[in-house]
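**Q** Before we start, here is the structure in question, set down as structure tokens.
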């Protein structure tokens, strides 16, 4: 199993009447709600928490990309990842990911990911999302019905840039480049492992199967609601006649651990409530620009994950959220049982643990994280013994890596020039 | 009006045809056009009307090869050619007006009479056009009609909007139609037309609803300034969907072209 500690980086100071006074947490969120001076501490605390997860033995620490978003103050995940690469030594740096259709030219992603791989000593796991409609269309102005074509071209260009050893010309529809020759290139060969966040389209299933990429379902609605979608994926994997290694798939799950179920509710309910009621308050007009999803996907009935459940999240109580699996919360034993159900039920080897929730303060987050790492994670380690040696979907760091900050505080003497 | 098909280089194109008289090509807006459109009916009394559907609209086949403004413009010229229309009266509403204006700018010697009904295609920072793509269906009538209540009734036409089957059909149609429209209208409905309007030689009439909230009448004046000799007909008690709200007045204004 691969457990990645993930931080969405929500803004923790949305007011109590946020829902009533604002139409959306995303795209046209009120500028005045962001306080740059306060963000100094928020950013550094969030990065500290990611680094803390590395010390507890999580396999990966994860970041992602959102724009103009009150629950994700990380428009550039690569900036955060660069900081993490320096301050951590073991965990994979899981960037899930860069919305490659938005980088102009996408060679920029090939370069920045190569830099991250080099700085971290080969610890990069690279994610290539299409990006949500909010980010890609409404914030970054990409034409909805051409987004996927542009994404595909960006993907092809990045992979070629990573794997070609000679300069090449790239005559794409969206990118015309006469001299592609990235410098540096990644440590991992032929390139870092790739994870693709998807939302239920058959085209994306096939894309992952064809390229040996891991398919990630990043939902906030939990494992019970994900069953149909993941069944669709595994059915496709079977149809295509490839192995059903659980590492072909990843899943994001909100997790809160305490000593007892009661303590979990007492400690975490307000923050879970903050996340589901304030952070997910997205104006439905931004959820799905016409043309963004393929007709085939709409016809399968897979509605946008940003479409709230009927009646909205506001009506969901702690009991609803935990029983319906949006959130897995409770004592280590409760969480272990439910995680086991999730892992077996969805057949997923990569878990993206959403352990910082809403406006959760650092001490509660560390408490929950430590309990998960010490009392839950070890018991889930060996869920797929037959697949233990499947390393196709994870990073391969250098055996010998340097530690950041290992220079002496001052030069010992005048350097001796070489003869 | 009768729904027919004509083959073009890229795709078979569906078009509505009716009436007798001089040829008139009508290009619909982002919402599409149907056989019971009141403006087409009014125009067909005196003209041979053909109204091609943009690929992806109605039941027509989509076309991946039509991506940008030039593609839309040349494709629509291909349709006019395939329909055998020579120097037709070229009429366009909203997105269709943007395409018609481009056609007249690109081939100025092939268009002698042009009617632009609340056309898209220009942008004024002081008067930003509402984002049609993020507008929810229930918000549309207030944006598109002078009389939102009557407009809402026209848009839903007695269908049960709560019915999940209707919703599925609606989402698919919306994705097909607005997905295609987005190629020239998203996120800002401007693709450089302002720099090409000077080429238009056609006798031009601009037709605008006084209470157009989507593309406000200030844009009428911008078009008038850029198209030499253009005449502006302002119509009271009409919003952006002037073609549905005041079809007779619009047909009369088009009649001024002769």
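**Q** Would you call residue B:125 out of contact with any helix residue (DSSP H, G or I) (no Cβ under 6 Å at 6 or more places or on another chain), in a loop (DSSP other than H, G, I, E, B) and loosely packed, with under 14 Cβ neighbours inside 10 Å?
**A** yes
**Q** Of the numbered conditions (1) surrounded by fewer than 24 Cβ atoms within 10 Å (Cβ to Cβ); (2) in a helix (DSSP H, G or I), residue A:335 satisfies every one except a single condition; which is it?
**A** (1)
So that you can scan it fast, the table gives a plain yes or no per residue for (1) part of a loop (DSSP other than H, G, I, E, B); (2) touching a helix residue (DSSP H, G or I) at 6+ places or on another chain (Cβ under 8 Å); (3) surrounded by 23 or more Cβ atoms within 10 Å (Cβ to Cβ); (4) modelled with pLDDT under 95:
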| position | (1), (2), (3), (4) |
| --- | --- |
| A:14 | yes, yes, yes, no |
| A:42 | no, no, no, no |
| A:45 | no, yes, no, no |
| A:50 | no, yes, yes, no |
| A:81 | no, yes, yes, no |
| A:86 | no, yes, no, no |
| A:97 | yes, yes, yes, yes |
| A:109 | no, yes, yes, no |
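**Q** Go through segment B:131-148 and give me each residue that's away from every other protein chain (no Cβ under 11 Å), surrounded by fewer than 21 Cβ atoms within 10 Å (Cβ to Cβ) and not in a helix (DSSP H, G or I).
**A** If the condition is that a residue be away from every other protein chain (no Cβ under 11 Å), surrounded by fewer than 21 Cβ atoms within 10 Å (Cβ to Cβ) and not in a helix (DSSP H, G or I), then B:147 is the only one that fits.
**Q** Suppose we filter segment A:265-302 for residues that are part of a loop (DSSP other than H, G, I, E, B), within 14 Å of chain B (Cβ to nearest Cβ) and either free of Cβ contacts under 8 Å to residues at least 40 places away in the same chain or at negative phi (or both); how many remain?
**A** First, pick out the residues of segment A:265-302 that are part of a loop (DSSP other than H, G, I, E, B): A:280-283, A:287-294, A:300-302.
Now restrict to residues that are within 14 Å of chain B (Cβ to nearest Cβ): A:282-283, A:287-294, A:300-302.
Next cut, either free of Cβ contacts under 8 Å to residues at least 40 places away in the same chain or at negative phi (or both) only: A:282-283, A:287-290, A:292-294, A:300-302.
Qualifying residue count for the region: 12.
**Q** Here is a further query. So, in segment B:6-26, exactly how many residues are more than 16 Å from residue B:251 (Cβ to Cβ) and under 19 Å from the mean Cα position of the chain (by Cα)?
**A** Counting residues in segment B:6-26 that are more than 16 Å from residue B:251 (Cβ to Cβ) and under 19 Å from the mean Cα position of the chain (by Cα) gives 4.
**Q** From the residues in segment B:106-121 that are closer than 20 Å to residue B:67 by Cα and buried (at least 24 other Cβ atoms within 10 Å of the Cβ), which one is farthest from the chain's Cα centre (by Cα)?
**A** Per the stated criteria, the residue is B:121.
**Q** Does any residue in segment B:43-65 that is at negative phi and touching a residue at least 12 places away in the same chain (Cβ under 8 Å) come within less than 7 Å, Cβ to Cβ, of a residue that is part of a strand (DSSP E or B) and loosely packed, with under 15 Cβ neighbours inside 10 Å six or more places away or on a different chain, and which pairs are these?
**A** B:61/B:12
**Q** Can you report the number of residues in segment A:236-264 which are surrounded by 18 or more Cβ atoms within 10 Å (Cβ to Cβ) and not in a loop (DSSP other than H, G, I, E, B)?
**A** Total meeting the criteria: 14.
Residue-by-condition table, conditions (1) touching a helix residue (DSSP H, G or I) at 6+ places or on another chain (Cβ under 8 Å); (2) crowded, with 17+ Cβ neighbours inside 10 Å; (3) in a helix (DSSP H, G or I):
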| position | (1), (2), (3) |
| --- | --- |
| A:370 | no, no, yes |
| A:374 | no, no, yes |
| A:377 | no, yes, yes |
| A:391 | no, no, no |
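**Q** Ok, one more. Tell me which residues, restricted to segment B:2-31, are closer than 25 Å to residue B:174 by Cβ and surrounded by 21 or more Cβ atoms within 10 Å (Cβ to Cβ).
**A** Residues satisfying the conditions are B:13, B:15, B:16, B:26, B:27, B:28, B:29, B:30, B:31.
**Q** For residue A:205, are the conditions met, namely being buried (at least 21 other Cβ atoms within 10 Å of the Cβ), assigned to a strand (DSSP E or B) and touching a strand residue (DSSP E or B) at 6+ places or on another chain (Cβ under 8 Å)?
**A** no
**Q** I'm checking my understanding of the structure. Among residues of segment A:111-133 that are on the phi > 0 side of the Ramachandran plot and at pLDDT 95 or above, which one is farthest from the other protein chains (Cβ to nearest Cβ)?
**A** Restricting to residues being on the phi > 0 side of the Ramachandran plot and at pLDDT 95 or above, the top hit is A:121.
**Q** Hey, does segment B:83-95 have a residue that's in a helix (DSSP H, G or I) and surrounded by 22 or more Cβ atoms within 10 Å (Cβ to Cβ)?
**A** Within segment B:83-95, one or more residues are in a helix (DSSP H, G or I) and surrounded by 22 or more Cβ atoms within 10 Å (Cβ to Cβ).
**Q** Related question: Can you name the residue in segment A:134-165 that is in contact (Cβ under 8 Å) with a residue 12 or more places away in the chain, part of a loop (DSSP other than H, G, I, E, B) and at the interface with chain B (Cβ under 10 Å from one of its Cβ atoms) and is also farthest from residue B:176 (Cα to Cα) among such residues?
**A** Filtering segment A:134-165 for residues that are in contact (Cβ under 8 Å) with a residue 12 or more places away in the chain, part of a loop (DSSP other than H, G, I, E, B) and at the interface with chain B (Cβ under 10 Å from one of its Cβ atoms), the one farthest from residue B:176 (Cα to Cα) comes out as A:140.
**Q** Condition (residue is more than 14 Å from chain A (Cβ to nearest Cβ) and crowded, with 18+ Cβ neighbours inside 10 Å) applied to segment B:173-193: is it met by at least one residue?
**A** Keep residues of segment B:173-193 that are more than 14 Å from chain A (Cβ to nearest Cβ), which gives B:192-193.
From what is left, the residues that are crowded, with 18+ Cβ neighbours inside 10 Å are B:193.
Yes, because at least one residue in segment B:173-193 is more than 14 Å from chain A (Cβ to nearest Cβ) and crowded, with 18+ Cβ neighbours inside 10 Å.
The values are calculated or read from the model by the stated rules, or taken from the named source; none is laboratory data. Given the structure is predicted, the values throughout are model-derived calculations rather than measurements. Don't worry about glycine lacking a Cβ; one is built from the backbone with ideal geometry, like all the others, and counts go over all protein chains shown.
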